[in-house]
Amino acid sequence: MYNSKSRIATEFIDDAEIKRTLAWAEENKNDLETIRGLLARAKDCKGLTYQEAMLLLECDDPQIHEEIFTLANEIKEKFYGNRIVMFAPLYLSNYCVNGCVYCPYHGQNKTIKRKKLTQEEIVAEVTALQDMGHKRLALEAGEHPTMNPIEYILECINTIYSIKHKNGAIRRVNVNIAATTVENYKKLKDAGIGTYILFQETYNKESYEALHPTGPKSDYAYHTEAMDRAMEAGIDDVGCGVLYGLENYKYDFVGILMHAKHLEDTFGCGPHTISVPRIRPADDIDPDEFDNGVPDDIFKRIIAILRIAVPYTGIIMSTRESKEMRAAALHLGVSQISGGSRTSVGGYAEEEPEEENTAQFDVEDNRTLAQVVDWMIDEGHVPSFCTACYREGRTGDRFMQLVKTGQIANICQPNALLTLNEYLEDYASPETKEKGKAIIAERLEMIPNEKVRELVREHLNDINEGKRDFRL
């Protein structure tokens, strides 16, 4: 029985309710009057139910698709402006005991090189990331009770925050590790993490169990209920996602919106981020079995409708996708992207030899962070390295309230300009610096509050004179 406030996975992600929703959307997909009514109401930025969102996705009218894309871009601009938050993944270890059939880290893979970073290697990796200009990392690690215990993760977080190189510093560490206990989530909270990220992979319980035949991750309920335990522990910024291509995309689209509703109804705060990865080729994985099964046109609609349905959430796209797809997605609702990424254990300080491949998946967008930043400025976006909300305690429901009332734009855009100016002064080429300064000057005049505008102008001058780390 479906119950969005239940703490039982199979009740807040109810199979029968998802199938009813899919059948209803299929039956009504040509009801253009109702669909246009939904789009008109969605302009108020109050979001949509999972049923309404699925109806939009099911509709095959090309004109409706264009209206969806236009509205998604308008909503993204209203909440987040033209800023795009930048981050990089840092893989700590690929030791893993799980049997996930789509992931090269699975315990039965005998061809992949296993590696775990020492604290000295982490210093080298983070120093290299700081020298690129990164301020925000997402930590990744396989699940292994002895090689990657929580104590190792905590030590790595402490090491990362301690590294100061030239003007570099990692100001926010997000963590993407296996589902764990409330006690361990409290330890992560005390370590000062930003967002706790965990991908569901698929919400279809039968498919999930087939895809995860062995290891701790095979427990569907324990995995699906992980965000509840994280929030119980005080981590109020959580990030969800599914891996498109594993299961029927329609099922998982409804599933992730159900999960967002569950968190909102139960804890008063939905997911801080939703990621939209598609499956990619990887070591020891049969490419014919997993073929990135969501076509580009449908994938774009998924992104756009997520933005319309859950307007307050950040939407993340990684370097799994091509430059062309990432360019399109920035106009459809994506608000965070990675740049200069390595999906291997190590590889930032020194490039990994091809014969010692430790990567979790192939990267499609291989550009450096400098190239991505330059490209984004050319596209009219403001690359943001901001971590102000996390460091000022504007997390969870406090952050969501600012977003839902539209006030976040008065905070995020100024902070984005300040952190972009830091990047330009410390890391950019002369050409990028010139273009970046121009977009800062343009966007500075668009800050509506005069006092805020003058304060930002003052801090921009401070940064030009060598001072760092200002935030509103």
Of the residues in the stretch 122-153, how many are in contact with a Lys or Arg (Cβ under 7 Å, 6 or more places away or on another chain) and over 29 Å from Ser218 (Cβ atoms)? 2
Quick check on the stretch 238-247. Is at least one of its residues in contact (Cβ under 8 Å) with a residue 40 or more places away in the chain, more than 21 Å from Met317 (Cβ to Cβ) and more than 16 Å from the chain's Cα centre (by Cα)? no
Just to be sure I understand, how many residues within the stretch 378-398 are touching a residue at least 60 places away in the same chain (Cβ under 8 Å), surrounded by 21 or more Cβ atoms within 10 Å (Cβ to Cβ) and part of a helix (DSSP H, G or I)? 2
Residue count for the stretch 401-426, restricted to those that are buried (at least 22 other Cβ atoms within 10 Å of the Cβ) and in contact with a Cys (Cβ under 8 Å, 6 or more places away or on another chain): 5
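What are the residues in the stretch 183-236 that are among the polar types (S, T, N, Q), surrounded by fewer than 18 Cβ atoms within 10 Å (Cβ to Cβ) and more than 20 Å from His259 (Cα to Cα), if any? Steps first, please.
As a first pass, look at the stretch 183-236 and keep what is among the polar types (S, T, N, Q): 184, 195, 200, 202, 204, 207, 214, 218, 224.
Narrowing the set further to residues that are surrounded by fewer than 18 Cβ atoms within 10 Å (Cβ to Cβ) leaves 207, 214, 218.
Passing the criteria: only Thr214.
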Could you tell me whether any residue of the stretch 455-468 is under 15 Å from Thr387 (Cβ atoms) and touching a residue at least 40 places away in the same chain (Cβ under 8 Å)? yes
For the stretch 135-230, list the helices (runs of 4 or more DSSP H) that sit wholly inside it and hold at least 1 residues that are out of contact with any Gly (no Cβ under 7 Å at 6 or more places or on another chain) and touching a residue at least 60 places away in the same chain (Cβ under 8 Å); which are they? 150-162, 205-211, 220-224
Any idea which of (1) more than 22 Å from Glu225 (Cβ to Cβ); (2) among the aliphatic types (A, V, I, L, M); (3) modelled with pLDDT of 95 or more is the one Ile285 doesn't satisfy? (3)
So which of Glu422, Glu442, Glu431 ends up being touching a residue at least 60 places away in the same chain (Cβ under 8 Å), part of a helix (DSSP H, G or I) and on the phi < 0 side of the Ramachandran plot? Glu422
Out of (1) at pLDDT below 95; (2) under 22 Å from Ala138 (Cα atoms); (3) in contact with a helix residue (DSSP H, G or I) (Cβ under 9 Å, 6 or more places away or on another chain), the odd one out for Ala359 is which? (3)
Hey, which of the helices (runs of 4 or more DSSP H) in the stretch 1-116, taking only ones fully inside, have at least 2 residues that are small (Gly, Ala, Ser) and closer than 30 Å to Glu356 by Cβ? none
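The values are calculated or read from the model by the stated rules, or taken from the named source; none is laboratory data. These numbers were taken from a predicted model, which means no experiment stands behind them. Cβ sites come from the backbone with ideal geometry, for glycine too, and all protein chains shown count toward neighbours.
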